[in-house]
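No value in this document is a laboratory result; all are computed from the given coordinates. Bear in mind that the values here come from a model prediction, so they are computed numbers and not experimental data. Neighbour counts are summed over all protein chains in view; Cβ atoms, including those assigned to glycine, are modelled from backbone coordinates with ideal geometry.
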Amino acid sequence: MINLFMANFIKKRNRKMINFTNHVKHQMSQRGIHKNLLDIALIYGVLKADKVILNKKRCDTFLKKLDKYRRETKRKGNQIHHKSLDETRSILLKIRDKGGITLVIVGETLITTYNTNIKLKRKRRYKGRKR
């Protein structure tokens, strides 16, 4: 699990490094994707070619790890750390409800972002000629 201080550092650094195009700003407002969702996707997502993908399955694995870590911090009595973990958990749940997020990044520029709700369409079998 990524140290929370390291995660906050990465968020601040990524936000300064990445340039937003007008297209991505428009798409984010249309699709209900906020900057904090982008930050979490950049931290926990998988890089494939020029895309950063944080899908539903990966969100579930991080939520399990986060819940385990939250129980430990609650037992130790660290309230400040517990609140920041709650914020991260709520953001991961939002991403999970969307079905995941995909970011398309070229160089230091964020081109577009969209929800990753992959639905497999099965091909119908050919049953012979209709009569």
*Do the alpha carbons of any pairs in Lys68/Lys94; Lys56/Lys76; Lys35/Lys65; Lys51/Lys74 sit beyond 27 Å of each other, and which pairs?*
Lys56/Lys76; Lys51/Lys74
*Quickly rank 94-103, 70-79, 28-37 as a protection proxy: mean count of other C-beta atoms within 10 Å, highest first.*
94-103, 28-37, 70-79
*Figure the gain on full extension for Leu63 and Arg31 (residue separation times 0.36 nm, minus the Cα-Cα span) and round it to one decimal in nm.*
9.2 nm
*Say R0 is 25 Å: what FRET efficiency, to the nearest 0.05, do Ser90 and Phe20 get from their beta-carbon distance?*
0.60
_Relative pair counts by distance (%), Cα atoms of segment 10-115, 5 Å bins_ = 2, 12, 22, 22, 18, 11, 7, 4, 1, 0
*asked:* Once you keep just the Cα pairs under 8 angstrom separated by 6 or more residues, what percentage relative contact order results for segment 10-115?
replied: 39
